[in-house]
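Asks: Got a structure for you, written out below as structure tokens; questions coming shortly.
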Amino acid sequence: MVSPIVRRTCQQLSLQQQSHRFTAMAVRHASGPGSGGRPDNNASSGDSRLELIRRVLFESSAREPTIALEGEALEQHDTIERAWKLHLMRQREQRQQTLERQFRSIHAAMSELEKTSDRLFKGAIVKSRHVTYPKQAKIPTETPSPQGWDYSYKHSTE
Amino acid sequence: MSFTLRTTTAAIRQATRVLPRRSFTTTQCAASSHGLLRLKEYYDSTLSEDLMTMTYDHARAAPSIYKYPDIQVQIDRALAAEEQETKEPIAQQQQQTVAPEAVRTRKGGKPVKPIQPPKTASTIPSLDKITLHAMVKDAIHSKHNLLSAFMAFQSITSTRPEIVYARTSVANWKLREGMPIGVKVTLRGEEMYQFMDKLVEIVLPRLKEWPGLQLTAGDGNGNIALGFPASALALFPEIEGSFDVYPKMTGFDVIFNTTAYTNTDGRLLLSGFSVPFKTKN
């Protein structure tokens, strides 16, 4: 789970990027070529929705930062941030080591097979690479389907 | 004069002990579930291992597969140094010729395709980024026509889009260079997986008369693109509710940039993420 302080910093970063882009966009918008950009054209076409969208996108006021951390609270925040990043790094490294171990075992098995039997080795090599993942392999969900388990499912044969 | 001023301010700061300060905002969170990402977790736990097995090629596996790579590297270097000592006078003449892989060119100066590296646990195909792009033709006569697409993209992806400007002028279409003509969003990491989740679970199943991607899909380097009609924009949950706010729905294309080197690997990756393909059965 993402800690709330971590989430807040991410938002802060995204807001900084957003505010930077907001100012850039606002400037470009203001200084762009005036072809068809006159407010009269848009209002007369009856599309006040465009005016609303323009205001929402480019004229919403920048929010002031509401939380200010200093001293011990700041230290605590930084410690939690670092601890979370360390946790993620360890998870990542663990995953990578697992994959490498699996790869090594596949390679060792294939090398062993190559020495053992030529026929079996040729059989183990993939013939056609133009395969797709089965459609039935759905990505796991948090809750089961509302229809329940389909007991009458039959795999369509070619 | 300024030097003395600086020293006095430093002295004052030390005396009053001003602590470092950092400010945060409590802005709205990205519209999606926090914490774990469903597709990312699925990839990390299940899909990556399956893909490694399915894309394994013994003839192209990386030769150096060491359990303790740092020790093995030292051994290799020591052995290489020994070999160089014995072969030094002969090797110098041979090394002057440039290896063929170093300079690869194509006729007409066209871009050269990257060479597929040997298979390892680090070269498993994965999603690198997703690019959404829409070219709005009406923006030629009024750049305000881009606003609808801009807002739509921002709602779908929760990232600020960027405007695409025309690279060249085309008189037939009254297009001038530097004119804002399209909207583009590049998604990576968390936002990418969220968007992919929405696409795969909600939008793609509801597309009308779409059998799936072709089995020949791909740009040759493992990236796959998909185009959507304007009606597809209405299927997104963010836009579905407030349909009337958007005056003009635009079609758009989605480009899946993967770390795969071949189309087969790219297709395998996407089918693992439940993107439907037009198979025979």
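Asks: With respect to the numbered conditions (1) more than 21 Å from residue A:128 (Cβ to Cβ); (2) within 12 Å of chain A (Cβ to nearest Cβ); (3) in contact with a strand residue (DSSP E or B) (Cβ under 6 Å, 6 or more places away or on another chain), which one is the sole condition not fulfilled by residue B:247?
Replies: Among (1) more than 21 Å from residue A:128 (Cβ to Cβ); (2) within 12 Å of chain A (Cβ to nearest Cβ); (3) in contact with a strand residue (DSSP E or B) (Cβ under 6 Å, 6 or more places away or on another chain), residue B:247 violates only (3).
Asks: Here is a further query. So in the stretch B:262-281, with the set limited to residues that are without any contact (Cβ under 8 Å) to a residue 60 or more places away in the chain, within 7 Å of chain A (Cβ to nearest Cβ) and within 20 Å of residue B:199 (Cα to Cα), which one is surrounded by the fewest Cβ atoms within 10 Å (Cβ to Cβ)?
Replies: Across the stretch B:262-281, the extreme among qualifying residues is B:271.
Asks: Out of (1) within 26 Å of the chain's Cα centre (by Cα); (2) in a loop (DSSP other than H, G, I, E, B); (3) more than 10 Å from chain B (Cβ to nearest Cβ), the odd one out for residue A:137 is which?
Replies: For residue A:137, the failing item is (3).
Asks: Tell me yes or no: at least one residue of the stretch B:264-275 is among the aliphatic types (A, V, I, L, M) and modelled with pLDDT under 95.
Replies: no
Table: residues versus (1) loosely packed, with under 13 Cβ neighbours inside 10 Å; (2) within 11 Å of chain B (Cβ to nearest Cβ); (3) within 30 Å of residue B:23 (Cα to Cα); (4) at pLDDT 95 or above.
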position: A:33; (1), (2), (3), (4): yes, yes, no, no
position: A:38; (1), (2), (3), (4): yes, yes, no, no
position: A:44; (1), (2), (3), (4): yes, no, no, no
position: A:50; (1), (2), (3), (4): no, yes, no, no
position: A:71; (1), (2), (3), (4): yes, yes, yes, no
position: A:79; (1), (2), (3), (4): yes, no, yes, yes
position: A:90; (1), (2), (3), (4): yes, no, yes, yes
position: A:107; (1), (2), (3), (4): no, yes, no, no
position: A:124; (1), (2), (3), (4): no, yes, no, no
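The values are calculated or read from the model by the stated rules, or taken from the named source; none is laboratory data. It should be emphasised that the depicted structure is a prediction, and the values quoted were computed from it without experimental measurement. Because the Cβ atoms are built from the backbone with ideal geometry, glycine has one as well, and the counts that use them run over all protein chains shown.
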